[in-house]
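Before any comments, here is the structure.
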Amino acid sequence: MKVLVVGGGGREHAIVQKLRQSPRVSQLYALPGNGGMASDATLVPIGAKDIDAMVAFAREKGIDFVVVAPDDPLALGAVDALKQAGIACFGPDKKAAEIESSKVFAKRLMKKYGIPTAAFEVFDDEAQALAYLDTAPIPTVIKADGLALGKGVTLAYTREEAQAAVHAMMGERVFGESGARILIEEMLEGPEVSVLAFADGKTVVPMVSAMDHKRALDGDLGPNTGGMGVVAPNPFYTPEVASQCMDTIFRPTIEAMAAEGRPFRGCLYFGLMLTRQGPRVIEYNCRFGDPETQAVLPLLEGDLLDIMEATAEGRLADVPVRFSDRACCCVVLASQGYPGKYQTGFPLLLPAPRKDVSVFVAGAKLEGGRLVTSGGRVVGVSALADTLGEAVDLAYRAAQDVAFDNKYCRKDIGARALAATKGGATPW
Ligand code: AMP
Ligand code: GLY
């Protein structure tokens, strides 16, 4: 089969590497991919948001199956357009993708169907939002409704911070039209867990749980990033919590989307917070997480193409989805300065393949036949081992063999998880 993966980051590289293991894949394309994937897939120089060109390319090459990985093309209706052209694909259609692209839609869905989440109010008028803040409980959380490159959330610990965030979003429109409507939410407390799940509209099959590390600096300090590293499984996500999530969150969400006439087919990402009162949904994403995927897919046993096809065709209940009981740690190597200003264009050297280690390139391009850095997050190094501690050690050792000039990584990926497995970290 000819398979096309849409997207160009570390997540897409992890998907490409897993699909390459499928004996049924004869040819793999990445659109646009990145230079670091060139040995695993044929790169297609078309932007992931250029849906017309994407459909034309898939038609021309006779692509059998498309995996649409990033949120932007999903929100723009890439899956609707591909299906209309008769091309099979993995990913939610535009109506189902709204579970991520509109936070207000997602919160109203949860309220209507009794899915546990933080209490919230919606505002489309700045004066009303500010008036509400006069008496709202503090701390609080301010969120832009639409997509804002992961930056549309302010955790406000004082009333002044909350007011400033509302004004920036609604008055100054720092996130453009994404800030025309905002949410003001109750602030929750507890460890966060990312659970990616295959969903075919009726059946939901969670993957192994993961713990992202969103802040730029050690000790969970510094600005939020796209994610600086991941461990899987997440030790806070016990079998009891998993079964509670299945009953109160995963199945009800899939049923709610079906009841709303928006059956969700693809990968649904549950961003959860384990509060004292039980698991709560912080956010949904309509796609695989980045960098969660780089730690979750290496643990998947079996054929990803089989699972994705079954998901797209509503046959998920009939295919086995199994995960190894080992652990995986992904350390992200970024350009010094990320998520702020940083330099790119440095030669990138990758280590030779070795057992239990995968290298996923997120931000590099080919220049005159050699790889140079081209992004904030450059490479993710994922290591598998029997224990989390060994996986963390192996990932950091392998990360030393990745070379570029302004390389930066957090030194404490997995530290909190390791403390938890040793009983040294309580959730609250
Ligand atoms: P989001 O963009 O929705 O993923 O939010 C970014 C981060 O803000 C989350 O990963 C949480 O750490 C934090 N966050 C969002 N909503 C809440 C909330 N209601 N209470 C506490 N933290 C939150
Ligand atoms: N790692 C967070 C996300 O993919 O949204």
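The values are calculated or read from the model by the stated rules, or taken from the named source; none is laboratory data. Note that the structure is predicted; figures quoted are calculated from it, not measured. Glycine gets a Cβ as well: all are built from the backbone with ideal geometry, and neighbour counts include every protein chain shown. Keep in mind that these areas ignore ligands, DNA and RNA; they rest on the heavy atoms of the full protein, side chains included. Shrake-Rupley method; radii C 1.70, N 1.55, O 1.52, S 1.80 Å.
Just to verify a result, which residue in segment 267-290, among those that are more than 24 Å from Met187 (Cα to Cα) and open to solvent by less than 30 Å² (accessible area, probe 1.4 Å), is nearest to ligand 2 (Cβ to nearest atom)? Going through the qualifying residues, I end up with Phe288.
Can you tell me how many residues in segment 157-179 are closer than 19 Å to Ile138 by Cα and free of Cβ contacts under 8 Å to residues at least 24 places away in the same chain?
Counting residues in segment 157-179 that are closer than 19 Å to Ile138 by Cα and free of Cβ contacts under 8 Å to residues at least 24 places away in the same chain gives 7.
Hey, any hits in segment 46-58 for a residue that's surrounded by fewer than 24 Cβ atoms within 10 Å (Cβ to Cβ), part of a loop (DSSP other than H, G, I, E, B) and of a type in the set (D, E, K, R)? Yes, there is a match, as at least one residue in segment 46-58 is surrounded by fewer than 24 Cβ atoms within 10 Å (Cβ to Cβ), part of a loop (DSSP other than H, G, I, E, B) and of a type in the set (D, E, K, R). Within segment 169-179, the set of residues being open to solvent by less than 80 Å² (accessible area, probe 1.4 Å), in a helix (DSSP H, G or I) and more than 15 Å from Ala127 (Cα to Cα) comprises Gly176, Ser178. When the criteria are applied in full, Asp412 meets the requirement of being under 26 Å from Met273 (Cβ atoms) and either at pLDDT below 95 or not in a strand (DSSP E or B) (or both). Hey, does segment 257-266 have a residue that's surrounded by fewer than 20 Cβ atoms within 10 Å (Cβ to Cβ), assigned to a helix (DSSP H, G or I), among the hydrophobic types (A, V, I, L, M, F, W, C) and away from ligand 1 (no atom under 16 Å from the Cβ)? Yes; the residues of segment 257-266 include at least one that is surrounded by fewer than 20 Cβ atoms within 10 Å (Cβ to Cβ), assigned to a helix (DSSP H, G or I), among the hydrophobic types (A, V, I, L, M, F, W, C) and away from ligand 1 (no atom under 16 Å from the Cβ).
Apart from one condition, Tyr237 fits all of (1) open to solvent by 30 Å² or more (accessible area, probe 1.4 Å); (2) closer than 20 Å to His13 by Cβ; (3) not small (Gly, Ala, Ser); the exception is (2).
Check Ala216, Ala210 and return the single one that is open to solvent by less than 10 Å² (accessible area, probe 1.4 Å) and either closer than 16 Å to Ile282 by Cα or among the hydroxyl-bearing types (Ser, Thr, Tyr) (or both). Break it down stepwise before answering.
Values: Ala216 fails: either closer than 16 Å to Ile282 by Cα or among the hydroxyl-bearing types (Ser, Thr, Tyr) (or both).
None of the others qualify; the one that does is Ala210.
Mind listing whichever residues of segment 109-124 are farther than 14 Å from Ile142 by Cα and in contact (Cβ under 8 Å) with a residue 12 or more places away in the chain? Talk me through it step by step, then tell me what you get.
Within segment 109-124, the first condition is being farther than 14 Å from Ile142 by Cα, and the residues that meet it are 109-117.
If the condition is that a residue be farther than 14 Å from Ile142 by Cα and in contact (Cβ under 8 Å) with a residue 12 or more places away in the chain, then Leu109, Met110, Lys112, Tyr113, Gly114, Ile115, Pro116, Thr117 are the ones that fit.
So which of Asp145, Asp93 is under 19 Å from the mean Cα position of the chain (by Cα) and closer than 21 Å to Thr311 by Cα? Just a single option satisfies the conditions, and that option is Asp93.
Just need a number here: residues in segment 105-133 that are of a type outside the set (Ser, Thr, Tyr), closer than 22 Å to Ala199 by Cα and open to solvent by less than 50 Å² (accessible area, probe 1.4 Å). Matching residues across segment 105-133 total 7. Output the residue which, of all residues in segment 134-168 that are in a helix (DSSP H, G or I) and more than 15 Å from ligand 1 (Cβ to nearest atom), is surrounded by the fewest Cβ atoms within 10 Å (Cβ to Cβ). The qualifying residue surrounded by the fewest Cβ atoms within 10 Å (Cβ to Cβ) is Glu160. For segment 20-43, check the following and say yes or no: at least one residue is touching an Asp or Glu at 6+ places or on another chain (Cβ under 8 Å), modelled with pLDDT of 95 or more, among the aliphatic types (A, V, I, L, M) and in a helix (DSSP H, G or I). Checked segment 20-43: at least one residue is touching an Asp or Glu at 6+ places or on another chain (Cβ under 8 Å), modelled with pLDDT of 95 or more, among the aliphatic types (A, V, I, L, M) and in a helix (DSSP H, G or I).
Right, Cys245: farther than 17 Å from Leu19 by Cβ, away from ligand 2 (no atom under 16 Å from the Cβ) and open to solvent by less than 10 Å² (accessible area, probe 1.4 Å) or not?
Values: farther than 17 Å from Leu19 by Cβ: yes; away from ligand 2 (no atom under 16 Å from the Cβ): yes; open to solvent by less than 10 Å² (accessible area, probe 1.4 Å): yes.
Yes: the conditions hold for Cys245.
Tell me which residues, restricted to segment 288-309, are assigned to a loop (DSSP other than H, G, I, E, B), more than 13 Å from ligand 1 (Cβ to nearest atom) and not acidic (Asp, Glu). Of everything in segment 288-309, those that are assigned to a loop (DSSP other than H, G, I, E, B), more than 13 Å from ligand 1 (Cβ to nearest atom) and not acidic (Asp, Glu) turn out to be Phe288, Pro291, Gly302.
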